[in-house]
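Since every read-out is calculated from the coordinates, none of them should be taken as a lab result. Everything numeric here is computed off the predicted structure, so don't read it as measured data. Note that we place each Cβ from the backbone using ideal geometry, even for glycine, and neighbour counts take in every protein chain shown.
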Amino acid sequence: MKRIITMTVNNRPGVLNRITGLFTKRHYNIESITVGHTETEGVSRMTFVVNVEDERIAEQITKQLNKQIDVLKVTDITDQAIVARELALIKVAVSPAMRNEVYTLIEPFRASIVDVSRESLVVQVTGESDKVEALIDLLRPYGIKEIARTGTTAFTRGSQKSAAANKTAFII
């Protein structure tokens, strides 16, 4: 089962290495990692998507991460109301004659063309991983030359105190 674990850490050299080393030593598979600055100077947010067998292992991961140097807070947000997004750049082999077809195809995904050359287009799409996967599947028959994906980045919606908060979250 996929779990989304977020953490805030001090932005110092070696922090990411120590954390990924913990996952490696315990044979946890990391599906994606995103890291970036937060609203607080010197603090970064990391988002890990990991595959784990059951909730006990997820709890164990959270406890082990909390013990790491420079880790400020760890939260498993999998079962909470969250905002989760991913960015993908997809280079598609498309002749000029087929471009209008691709434009029509990507429009419902709110994707955009960010580069055009004689023999290809680069499509940019953001959204939940399922949306990104669906667009990639639709573009595959045209011939995908390259894909670059950021991985999932996420945090909880609003101020959540209980499962009841999930019912009042608004989706934009």
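Some observations on this one:
- Gained length - T20 relative to I69, 0.36 nm times residue gap less alpha-carbon distance: 16.3 nm
- The length gained on full extension between R85 and V114, counted as 0.36 nm times the residue separation minus their Cα-Cα distance, comes to 8.6 nm.
- Applied to the range 36-52, the Karplus parametrisation 6.51 cos²θ - 1.76 cosθ + 1.60 on θ = phi - 60° returns per-residue 3J(HN,Hα) values of x, 5, 9, 6, 9, 4, x, 10, 10, 10, 10, 10, 10, 10, 10, 9, 10 Hz, with x for Gly and Pro.
- Convex hull (Cα only) mean projected area of the range 2-76, reported in nm² to one decimal: 4.4 nm²
- Projected label distance in nm at T104 and A148, using a 7 Å step from Cα toward the beta-carbon: 3.1 nm
- Our note on the geometry: Cα centres of the range 61-77 and the range 85-110, 39 Å apart.
- Normalised by the number of residues in the range 1-105, the average gap of Cα pairs under 8 Å and 6 or more apart makes the relative contact order 36 percent.
- Most mobile of T40, T126, T153 in a GNM of the chain (Cα contacts under 10 Å): T40
- Once the mean of 1/r is taken over each pair of separate Cα atoms and inverted, the range 31-172 shows a Kirkwood hydrodynamic radius of 17.7 Å.
- For the range 88-95, 3J(HN,Hα) per residue [Karplus equation, 6.51 cos²θ - 1.76 cosθ + 1.60, θ = phi - 60°, Hz, x = Gly/Pro]: 9, 10, 10, 8, 10, 6, 9, 6
- Among the trypsin sites (Lys or Arg not before Pro) in the range 73-158, those located in a DSSP loop and surrounded by at most 15 other Cβ atoms within 10 Å of their own Cβ are R110, R118.
- Counting neighbouring Cβ atoms within 10 Å and putting the fewest first, the residues V43, V74 line up as V43, V74.
- Cross-link partners for K73 among the aspartates and glutamates, with Cα-Cα distance under 16 Å and sequence neighbours closer than 8 places in the same chain left out: E39, E41, E59.
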